[in-house]
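The values are calculated or read from the model by the stated rules, or taken from the named source; none is laboratory data. Everything numeric here is computed off the predicted structure, so don't read it as measured data. Neighbour counts are summed over all protein chains in view; Cβ atoms, including those assigned to glycine, are modelled from backbone coordinates with ideal geometry. Remember, those area values only see protein heavy atoms, side chains included, never the ligands or the DNA or RNA. Shrake-Rupley method; radii C 1.70, N 1.55, O 1.52, S 1.80 Å.
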Amino acid sequence: MNILPVSEKFGELYGPGAELFASPGRINLIGEHTDYNGGFVFPGAVDKGIVAAIRPNGTDRVRAHALDLGETAEFGLREEDKPAQPWARYIFGVCREMQKRGAALGGFDTVFSGDVPLGAGMSSSAALESTYAFALNELYACGIDKFELARIGQATEHNYCGVNCGIMDQFASVFGRKGCLMRLDCRSMEFEYFPFDPKGYRLVLVDSRVKHELVGSPYNDRRASCERVAKVLGQEFLRGATMEQLDAVRDRISDEDYRRARYVIGEERRVLDVCEALQQGDYETVGRRMFETHWGMSRDYEVSCEELDFLAAVAEECGVTGARIMGGGFGGCTINLVRDERYDSFIAEAKRRFNEKYGHEPQVYDVVISDGSRRL
Ligand code: GLA
């Protein structure tokens, strides 16, 4: 993360005395689109994130500089002060959500920079939200607990950015721990750290570098499908529903909603299978479930795209243990569980074949599971 340039820029723009905070992006081993269904997720924080220099400025205005974009925004802290720049809305939204929870914030100056690849599905936006929620909570001694900090980031997405996301990304960013994945039950919010050290295997992300801007809001549509089916089933969430229950209401829901729910019900089972397999060191089962998730996300949930299906198929042909689209979908990267000895040949082959077909090489990131939100 770019700590030095952030402090230097802060000094240049606003003078001395800033404090530094950072929050990471995340990966997710399995459990995709399950969070808003009250199900399980299995994320971990990564070594890429956002770093911010901040210092209260004694006024009621925020002056923020996005180093990577070379843009500055200035805004007040009342609802009607919403800034025009999309990136500034994340900071503004976090401030507003904290104020709604009683935080007595003042104005501040800040510079931030990030190295989470945008659009890769590693949640750069959660990293940004968590950085500011965590930093402001410390600087203004608000006493907000870590779960609530994650909810503040999530509420920012809902109320200021138009995405009805679940809690996974913000949770992972705030709670991340070096070397550990976390299994979170998104209904009870209970979670467990799982040391993740798959001897003989590696986790690697292959980023297609495509982002399909679909018309409308496909993420919110997926969520709405799940909520419709849950309602027909008389449940708050799809979590806990069985295929038999789903089949029993098949004629009361659309075919599309049926397929969406079928994916979610299957995914819940797969996360639990993966936990069990991990406890036994059975990475081959973990990998098989990852492939199943990929094709479920592609065919039933329809959040994949041609390029990601291609990458998953190449992984399968190269003898990769498991591969699947990661994150919300509609572009971004695959997460791959690969045996050490297959790593080099898989990466070379994926780059070559992807380039041949789509005219550019995918970007490769080795996964380093790291700590969550922190003061530097
Ligand atoms: C996005 C959302 C998360 C989650 C994933 C899919 O990353 O922000 O809440 O729903 O998609 O698993």
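Just to be sure I follow the definition: excluding the sites themselves, where is the longest run in the chain that has none of the GluC sites (Glu not before Pro) in a DSSP loop with at most 13 other Cβ atoms within 10 Å? Walk me through the numbers on the way to the answer.
Details: sites that count: Glu190, Glu213, Glu236.
Value returned for the longest uninterrupted segment is 1-189.
Label positions at Ala84 and Gln280, each projected 7 Å from the Cα along the C-beta direction, are separated by 6.0 nm. With a/c under 1.5 counting as rounded, go ahead and sort the range 201-366 into rounded, prolate or oblate using the C-alpha gyration tensor (a ≥ b ≥ c being the square roots of the eigenvalues; past the cut-off, prolate if a/b is larger than b/c, else oblate). Oblate, since a/c reaches 1.5 and b/c is not below a/b.
Rg over Rh for the chain works out to 0.98, using Cα positions for both radii and the Kirkwood form for Rh.
How much of the accessible area of the chain, probe 1.4 Å, is carbon plus sulfur, in whole percent? Of the solvent-accessible surface of the chain, carbon and sulfur hold 46 percent. Among the listed pairs Lys48/Lys146; Lys48/Lys351; Lys9/Lys82; Lys199/Lys357, those whose Cα-Cα separation exceeds 27 Å are Lys199/Lys357. Per residue, the range 1-128 exposes 34 Å² of accessible surface when a 1.4 Å probe is rolled over the protein heavy atoms with every protein chain present.
Extending 7 Å from Cα along the Cβ direction at Leu13 and again at Asn355 yields two label points whose distance is 3.7 nm. Taking all protein chains into account, the per residue accessible area for the range 201-366 stands at 45 Å² (1.4 Å probe). Farthest toward the dipole's positive end in the chain, which of Val116, Met168, Thr131, given Cβ charges of +1 (Lys, Arg) and -1 (Asp, Glu) about the Cα centre? The one lying farthest along the dipole's positive direction is Thr131. Its relative contact order, with pairs defined as Cα atoms under 8 Å and 6+ residues apart, puts the range 1-51 at 42 percent. Entry note, the chain: the mean residue ellipticity at 222 nm calculated from DSSP H runs of n ≥ 4, each adding -39500 (n - 2.57), is -13500 deg cm²/dmol after division by the residues and rounding to the nearest 500.
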